[in-house]
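Enquirer: The following block contains the structure, expressed as structure tokens.
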Amino acid sequence: MCKKSIDSIFINFLKMSFKTLPLLFINLGGEMVYILDQRLRAQNIPDEKSKKVLHDIIATMFHKRFMEELFKPQPLYSKRAMRTVFDRLAHASIMKLNAASMDKLYDLMTMAFKYQVSLSLRPKDIILITLNHMDSIKQFVEGVPNIRQQVDYVYRLIIETYGSMTAGEFHLIRQTLLNFFQDMHIRVSIFLKDKVQNNNGRFVLPTSGPVPWGSEVPGLIRLFDGKEKARKQFPSGGSYLPCLAEGSFDMKGDRVTKLGTNMYSTSRSVETVGNRAVKSTPQTSDVESNVPDPLAKAQLDLLSSLIGSKTTNVKPEIRLNLFKTDEEEEQAAAAIQPVEMAESKVVKIDASKVF
Amino acid sequence: MEHLFYLGKVNVLTFLRKNYSKLFIKMYRSEKPIPLKGSASALSNNLSVLLTEEKKSLNYAVVHKSVVNIVSAATDGSTVTNRHVVCKEPTATQQTTPMIIQAKWVTIPCRTVLVLTSLKGIQVFESDGTALIYWHSLGDVHSPDSYDQSNFGRGITGVGDSFLCVVGGFGNGQLKVYCAKTGKLGAVVNAHARWINALDIAPDTGLVVSVSDDTFVKIWQLKKESPPEIEHKYQESVSDLQLVGAQFVHSGGRGFCVTGYDNTSVYFFVQN
């Protein structure tokens, strides 16, 4: 293989991993909105206050300048930077979360999107998942025209950026996302209940159901000599079905997949199971947590200035709790260090103190 | 009518007796997995295997983000050692975590080297990963030739003149077999229900192993026809694992191993 084509493979990989950030941000943001909405209702927060919180957060998330920066080709933020972005976003309104609840919120968001990417039938379906999140966000801001406009603008950015990508390019994006979520195995009670996650934190990958759009059900061998000369069947090993519909990539349409739609309702609560300390210690090579990320910092500063301008004189009126009781939240809070303060060392969690 | 049924039952029993071994003994059985120091990243062909020249040890290389974890197992089963190779970046300040795309042992006429390909370029190490010999930097990013990335895991095998064929694993789960000499398509297999991430071929026997995000590892037999043919021999689902690497550890295909995304084991299968 000549040098030029080797270069173009890597360049393509690089280019695709540089186009992944908007998808990561929008989908995580979408999950955050679902979870906050569920908790606000569970805590019986009055309707106009709930609406204000969600509208403020969505308006900040989809701020035109921030989105334009996000869609510029760039590598993914480090895990720490991403966490900080959502920490700031969650506090863009009259609501506040303490560190333990923020941790839990972020864990739920990331595990949900990890689940959706893992279960997506084909890599391009990640765009359908993104559009499902966008569709729900659009519903949350129905009746607020200026925020609606911001959301519509992002629909266009998504369709422009990803509309004509090849299957291979989506595959590279999917790999980039999976590698961002590597080694995260937090158990989520809704996933455990629905039996889509095992007790070891791994997702259940079914060997049945529809095959991806564009694929055939496994089991057939066709032999050719110029034209088809013979066919043989073999057992597929699973029980697969043909895929009946592709899903719409337009601004409006049936996305077909349920991944990315709101899985929470007032009766299905939002919980992680067990303690966060059940994570393998990262290898010494995991430099991300220690190296400052200048690109991310620039965007964080931009985000801060956008949020800061809205909330300088606003006192938080609502304290949201992601746990079942205040006591649980306190216990969890006692055991952790705030992410932003642990600069150059790996955050150590004393497992004996965590609930 | 009753007579016919009775005869039918006897025939079934005879058939079962004669074909017992084919029906009830699987072609491969799983063996004890080898643990890795870090989980496997979601990449194509994320497993490379090297049998050292003196045939003293089998080495397995699996990429975990910016590191390659190498496990060396002495062939007499006496020791297992772990090493890792960190992807070094040419610039002094690391702005982003260097991400390795693939790690592979490559044997060229006089030596074997470990090649790491990352977003910044290619690095070539001694086969044990101890010393960086050479690196080729990517340079400026220019607009690429249109390259359809739906081809992954191509394998080429040659057994004298007769086995020369190319097997391609595709994103839609299909395997395609071509004659290497004429380019003619010999077979299309609806092999997997998801993206195929890795292939390997056992040169002595023409056995092919394929793995996919669908959790399955499947074994195929290439046939020395012109154009080449292929048939299905074996499959196993490694529960809930998106498989990202596959390699035969024996040139006849008597054993193979696989890796899965987000998992810290190398799983082994040995022929019965």
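Where a number appears in this text, it was derived from the coordinates with a stated rule and is not lab data. The structure presented is a predicted model; accordingly, all values stated were derived computationally and were not measured. For neighbour counting, all protein chains shown are included, and Cβ atoms are generated from backbone atoms with ideal geometry for every residue, glycine included.
Enquirer: For segment A:38-107, what ratio Rg/Rh do Cα atoms give with a Kirkwood hydrodynamic radius? Show your work: numbers first, answer last.
Expert: Working: Rg = 13.8 Å, Rh = 13.5 Å.
With Rg and the Kirkwood Rh in hand, the quotient comes to 1.02.
Enquirer: Something else: Let me confirm one metric for peptide B:182-191, namely the mean number of other chain beta-carbon atoms within 10 Å of its residues' beta-carbons. Kindly include the intermediate steps, with their values, before the conclusion.
Expert: Working: counts 0, 0, 3, 6, 5, 7, 7, 9, 13, 7.
Mean partner-chain Cβ count within 10 Å for B:182-191: 6.
Enquirer: Oh, and also: Would you calculate the separation in nanometres between label points at A:Ala230 and A:Asn198, each defined as 7 Å from the Cα along the Cα-to-beta-carbon direction?
Expert: Once both label points are built, they end up 3.9 nm from each other.
Enquirer: Mind checking A:233-241 for the average number of partner chain beta-carbons within 10 Å of each residue's beta-carbon?
Expert: Working: counts 2, 9, 2, 9, 10, 7, 0, 4, 0.
Neighbouring Cβ atoms belonging to other protein chains average 5 per residue here.
Enquirer: Gain in length, A:Lys315 to A:Thr261, computed as 0.36 nm per residue apart minus the alpha-carbon separation, to one decimal in nm?
Expert: Working: separation 54, 0.36 × 54 = 19.44 nm, distance 3.23 nm.
Taking A:Lys315 through A:Thr261 to full extension adds about 16.2 nm, to one decimal.
Enquirer: Nearest 0.05, what FRET efficiency do B:Lys181 and A:Lys72 give at R0 = 45 Å with Cβ-Cβ as r? Spell out each step's value before the answer.
Expert: On the way: r = 48 Å, r/R0 = 1.06.
After rounding to 0.05, the efficiency reads 0.40.
Enquirer: Taking all pairs of different Cα atoms in segment A:71-134, averaging 1/r and flipping that mean, what Kirkwood radius in angstroms comes out?
Expert: On the way: mean 1/r = 0.0734 Å⁻¹.
Mean inverse Cα-Cα distance, inverted, gives 13.6 Å.
Enquirer: Still on this structure: Structure shown: which of A:Lys195/B:Lys218; A:Lys49/A:Lys96; A:Lys51/A:Lys96; A:Lys104/A:Lys324 lie over 18 Å apart, alpha-carbon to alpha-carbon? Please report the intermediate quantities before stating the final value.
Expert: Working: A:Lys195/B:Lys218 27 Å; A:Lys49/A:Lys96 13 Å; A:Lys51/A:Lys96 15 Å; A:Lys104/A:Lys324 12 Å.
Violating the 18 Å limit, Cα to Cα: A:Lys195/B:Lys218.
Enquirer: Order of A:137-146, A:185-194 by packing, highest average Cβ count within 10 Å first? Before the final figure, lay out the partial values.
Expert: Details: A:137-146: 14.4, A:185-194: 18.0.
So the peptides A:137-146, A:185-194, ranked by packing, come out A:185-194, A:137-146.
Enquirer: Between A:Glu246 and B:Val124, what is the label-to-label distance in nm when each label sits 7 Å out along the Cα-to-Cβ direction?
Expert: 4.4 nm
Enquirer: Calculate one ³J(HN,Hα) per residue across segment A:45-50 by plugging θ = phi - 60° into the Karplus curve 6.51 cos²θ - 1.76 cosθ + 1.60, and present them in order as whole Hz with x for glycine and proline.
Expert: Couplings: 5, x, 3, 5, 6, 4 Hz.
Enquirer: 7 Å from Cα along Cα→Cβ at both A:Asn44 and B:Val86: what's the point-to-point distance in nm?
Expert: Those two pseudo-labels are separated by 5.5 nm.
Enquirer: Just to be sure I understand the curve: with the Debye formula and one point per C-alpha of segment A:117-247, what is log10 I(q)/I(0) at q = 0.13, 0.21 Å⁻¹?
Expert: Once normalised to I(0) and log-transformed, intensities are -0.82, -1.30.
Enquirer: With a 10 Å radius around each residue's Cβ, average the other Cβ atoms per peptide and rank A:99-105, B:259-265, A:69-75, B:211-217, highest first. Mind dumping the intermediate values first?
Expert: On the way: A:99-105: 21.4, B:259-265: 23.7, A:69-75: 17.0, B:211-217: 27.0.
Ranking the peptides A:99-105, B:259-265, A:69-75, B:211-217 by packing returns B:211-217, B:259-265, A:99-105, A:69-75.
Enquirer: Taking each residue of A:114-122 in turn, how many C-beta atoms of other protein chains fall within 10 Å of its C-beta, and what is the average? Before the final figure, lay out the partial values.
Expert: Values: counts 1, 0, 0, 1, 6, 0, 2, 3, 6.
Per residue, the average neighbour count from other chains is 2.
Enquirer: Only Lys, Arg, Asp and Glu count, each charged at its Cβ (+1, +1, -1, -1), so figure out the dipole size of segment B:160-272 about its Cα centre, rounded to 20 debye. If you can, show how the numbers build up before the last one.
Expert: Numbers: 9 positive and 11 negative charges, 70 e Å.
Dipole size: approximately 340 debye.
Enquirer: Also, quick follow-up: Quick check on my link table: of A:Lys114/B:Lys37; A:Lys79/A:Lys138; A:Lys79/B:Lys65; A:Lys232/B:Lys223; A:Lys52/A:Lys258, which ones sit more than 19 Å apart, alpha carbon to alpha carbon?
Expert: Pairs exceeding 19 Å: A:Lys114/B:Lys37; A:Lys79/A:Lys138; A:Lys52/A:Lys258.
Enquirer: A follow-up question, please. Just to confirm a number: summing +1 for Lys and Arg and -1 for Asp and Glu over residues other than B:Gly77 whose beta-carbon lies under 14 angstrom from that of B:Gly77, what do you get? Working shown, then result.
Expert: Working: positive: B:Lys32, B:Lys55, B:Lys56; negative: B:Glu31, B:Asp76.
So the surrounding residues net to +1.
Enquirer: Averaged over all directions, how much area does the convex hull of the C-alpha atoms of segment B:160-272 cover when projected, in nm²?
Expert: Details: hull surface 26.5 nm².
Hull-based average projected area comes out at 6.6 nm².
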